[in-house]
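Working notes, structure below.
Rule-based calculations on the coordinates, nothing more; no lab input. Treat the numbers as computed from the prediction; the structure is a model and nothing was measured. Backbone-built Cβ (ideal geometry, glycine too); neighbour counts: all protein chains shown.
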Amino acid sequence: MFEFKKFKLQTKKPLPLPNGELQVREGYYVIWKGHKAELSPLTSLSGESLKLAFEELQDYENLLNSLPEIDSINWSKPFLGHELKLPLYNSVLFCLESLLMAKYYNHAGKINVNTLISCNENEKFQSLYKKGYKTFKIKIAKYDFELETKFLDSLPSDIKLRLDANQNLNKKLLNYLEDSHFVEQIEYLEEPFKELEEYKQLTIPFALDESRHKWEYFKGSSLLKAIISKPSIKDSISGTYKLAKELSEQNIKVVVSSAYDSPVALNYLSALANLINNDFSPCTHGLDGLDYYKEVNNSSLSINGQVLSYDLSNI
């Protein structure tokens, strides 16, 4: 039987969204056979309703209870290889696949994660750098040119840069980046342009996020280095693993990323990221999200430098 516990998580500060800010994350903790997952669609990103997703999830209670045992996990198939009808909502599939992952893959491990900053957060950068972070995702094309270039010019030479332009990169900033002394430190430009044709001007490696479903347009390009995947919003656990398997044949990495997920979901995302690292190629993932919410039990998660430890048996 499912046990449901409704929750509301207050953010420590408003978190930016495309159409506003996130201050409260609502959802249900779902407990099944001693395993805990969550149902918490982020409506502004997924378009999903918590009410409708919760109603659909309840339709799966008897189905999950009556599932036969499986000899091996097929991570590329929905429900990890079990034959069930796909739900309408990705948040429902992510919740159910999380519960199945906990049942069959009760795993603890460690992954490397990047951290996220903006060009006006020098003090935050210095603090994180001293803690041991070596990969920084930095929002660019957000403030004025002088502020951003002064900050970027000041960065140490022993870090990797993931520069996220949110489709707003202009020619002036691109020329600066191409001629910069740190160009070799740029792991990729994330989602630099809105129009696919604009990518033809790039000489710097890039990654896709919002345009990830169009990655085949760039098939064969040596500059496409990564696809950013948010499994709690799209593709769930099985779809993300399947994508990573397919892209590994093109030498393209899948970076598993959080969508302001709670520590419960973050455990499953971390386990998925570790699985992808082990089965394909190691990657630093976008799962540095322990600090989003007030008064949350993080006992199953800890971070040391940029190494995130997780434990599915202790959620």
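Work through the residues other than PRO87 whose Cβ is under 12 Å from its Cβ and net out their charges, Lys, Arg +1 and Asp, Glu -1. Intermediate values should be presented prior to the final figure.
Numbers: positive: LYS85; negative: GLU48, GLU55, GLU56, ASP59, GLU97.
Cβ neighbours under 12 Å give a net charge of -4.
Arrange the following residues from fewest to most other Cβ atoms within 10 Å of their Cβ: THR240, THR284, THR11.
Taking fewest neighbouring Cβ atoms as first place, the list is THR11, THR284, THR240.
Which shape class applies to the range 84-170: rounded if a/c is under 1.5, otherwise prolate when a/b exceeds b/c and oblate if not, where a ≥ b ≥ c are the square roots of the Cα gyration tensor eigenvalues?
Taking the square roots of the gyration eigenvalues as a ≥ b ≥ c, the range 84-170 is oblate.
Rounded to two decimals, what ratio of Rg to Rh does the range 112-229 give with C-alpha atoms and a Kirkwood Rh? Kindly include the intermediate steps, with their values, before the conclusion.
On the way: Rg = 13.8 Å, Rh = 14.6 Å.
That ratio is 0.95, to two decimals.
Quick check on packing: order 264-273, 295-304, 97-106 by the mean number of other C-beta atoms within 10 Å, highest mean leading.
Top to bottom by mean Cβ count within 10 Å: 264-273, 97-106, 295-304.
The range 89-148 to the range 196-271: how many Å between their Cα centroids?
Spelled out, the Cα-based centre of one part sits 14 Å from the other.
Which aspartates and glutamates, on any chain, are close to LYS33 with Cα under 12 Å apart, when same-chain ones fewer than 8 places away are left out?
List returned: GLU3, GLU61.
Compute the convex hull volume of the Cα atoms of the range 2-107, divide it by the residue count, and report the result per residue in Å³ as a whole number.
Numbers: hull volume 12.8 nm³, N = 106.
Value for the range 2-107: 121 Å³ per residue.
Hull surface divided by four, with the convex hull built on the Cα atoms of the range 259-315: how many nm²?
Computed as one quarter of the Cα hull surface, the answer is 3.9 nm².
Please report, to one decimal in angstroms, the Kirkwood hydrodynamic radius of the range 193-315 built from all distinct Cα-Cα pairs.
15.4 Å is the Kirkwood radius here.
Taking amide H atoms as placed 1.01 Å from N in the peptide plane, list the residues 5 or more away in sequence, or in a different chain, whose amide H sits under 5 Å from that of ASN74.
GLY81
Quick one: LEU275, LEU173, LEU189, fewest Cβ neighbours within 10 Å first, how do they rank?
Placing the least packed residue first, the sequence is LEU173, LEU275, LEU189.
Give me the percent of Cα-Cα pairs in the range 109-314 that sit more than 24 Å apart, rounded to a whole number.
Of all Cα-Cα pairs in the range 109-314, 41 percent lie more than 24 Å apart.
How far apart, in nanometres, would the label points at GLU123 and LEU86 be if each is projected 7 angstrom from Cα along the Cα-to-Cβ direction?
Taking the two extended label points, one gets 4.8 nm.
Label-point separation (nm) for ALA108 and ASP153, each offset 7 Å from Cα along Cα-to-Cβ?
4.8
Place the peptides 71-79, 113-121 in order of packing, highest mean first, counting for every residue the other Cβ atoms within 10 Å and averaging per peptide.
Answer by packing, highest mean first, reads 113-121, 71-79.
Quick check on the chain: helices-only [θ] at 222 nm, where DSSP H runs of length 4 and up contribute -39,500 (n - 2.57) each and the sum goes over total residues. Nearest 500, please.
Rounded to the nearest 500, the figure is -8500 deg cm²/dmol.
With angles folded into 0 to 90 degrees, how steeply does helix 122-131 sit against the dominant principal axis of the chain? Use alpha carbons for both and round to 10.
60
For the range 109-314, give me the percentage of DSSP beta bridges that are antiparallel, rounded to the nearest 5 percent.
Percent antiparallel among DSSP bridges in the range 109-314 is about 25.
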